[in-house]
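Worksheet: the structure to be examined is printed underneath.
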Amino acid sequence: MSAEGKPGMKLWLKLLLAGSLALNLAVIGLAAGAAWRFSDKDKHWKRPPTVGALIFKELDQDTRKALRQEAGGKHGSYFKRRHAEGKAVIAALRSEAFDAESLLAVLQAQADARHAFQTKVQQAWVKKLAALTPQERAAFADRMEERLARRGGYGRR
């Protein structure tokens, strides 16, 4: 009992109230963050898509899939290869005997693989464009210009 003769709040009730407060604050934070993130104000963090992304998106689905599979190499898929590349860098960073030259070699091999992928995407895209009429290419240029002007236009149609 407290000094005034009233029983004190039980520990489990204090913990429950503290947990409830923490959960409420987390939900409020998520809601406020989402509202700010998806509002139309100050989208300065959203950049227009890269030309490479626009080019890749314009290829047909089968071509994109084939290019990704080829880029995956021994990993089986492009995404698995990129994951393996990240693991290789992390392993080099965690190594007791850090070897800067080995890390640079890993990074260079990764850059070379990305460059080869980008080159193949560009070749496929230019081949597609070569088959278009001047009017079709102009229409494509208009779509590309619109996407570049749209900030954060990834994936929107």
Additional length obtainable on full extension of the chain from ILE90 to ARG68, 0.36 nm per residue less Cα span: 5.6 nm
Virtual spin-label span in nm between ASP60 and ARG143, 7 Å along Cα→Cβ: 1.4
Sparse-neighbourhood loop sites, chymotrypsin sites (Phe, Trp or Tyr not before Pro) in region 84-157 - DSSP loop, at most 16 other Cβ within 10 angstrom: PHE98, TYR154
Listed pairs LYS87/LYS128; LYS74/LYS120; LYS80/LYS127; LYS80/LYS128; LYS87/LYS127 exceeding 25 Å between Cα atoms: LYS87/LYS128; LYS80/LYS127; LYS80/LYS128; LYS87/LYS127
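Where a number appears in this text, it was derived from the coordinates with a stated rule and is not lab data. None of the values given here were measured: they were computed from a predicted structure. Cβ coordinates were reconstructed from backbone atoms using ideal geometry, including for glycine residues, and neighbour counts include every protein chain displayed.
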